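For reference, the structure is listed below as structure tokens.
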Amino acid sequence: MNKAQFIEKLASRNNIPVKVFENVVNTILKEIKDALNRKSRVEIRGFGSFSVKEYKTYTGRNPKTGEKIEVGKKSAPIFKVSKIYKNDLIKER
């Protein structure tokens, strides 16, 4: 399911105009993105949490040539599923 399908499905399920629900979803996603840019953690109880993981510099290897290269420090967004949601997924199988 992509973002447009997600918005359409939830808007119709709740009798909300698609454009209104699209604004709601976009606002939520923008706030999560802004929080991650500030290196803050976002937790949605029963669903999961978003955070930023910092990676230190390390020596990597070019897979084609085998040459050692220095990889600079970087940040990456991380999503961790809540235990409640994870357990619900396991039960449904």
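Taking only protein heavy atoms into account and a 1.4 Å probe, give the accessible area per residue of segment 24-93 in Å².
That works out to 87 Å² per residue.
Calculate what fraction, in whole %, of the accessible area of the chain sits on carbon and sulfur atoms when a 1.4 Å probe is rolled over the protein chains.
55 percent
Using unit Cβ charges (K, R positive; D, E negative) and no other charged atoms, how large, in debye to the nearest 20, is the dipole of the chain about its Cα centre?
320 debye
Show that you can apply the helix-only estimate: for the chain, add -39,500 (n - 2.57) for every DSSP H stretch of four or more residues, divide by all residues, and state [θ] at 222 nm to the nearest 500.
-14000 deg cm²/dmol
The values are calculated or read from the model by the stated rules, or taken from the named source; none is laboratory data. From a predicted model like this one, the values you see are computed outputs, not experimental measurements. Note that each Cβ is placed from the backbone with ideal geometry, even for glycine, and that neighbours are counted across all protein chains shown. Calculation scope for accessible area: heavy atoms of the full protein, side chains included, ligands and nucleic acids excluded. Shrake-Rupley method; radii C 1.70, N 1.55, O 1.52, S 1.80 Å.
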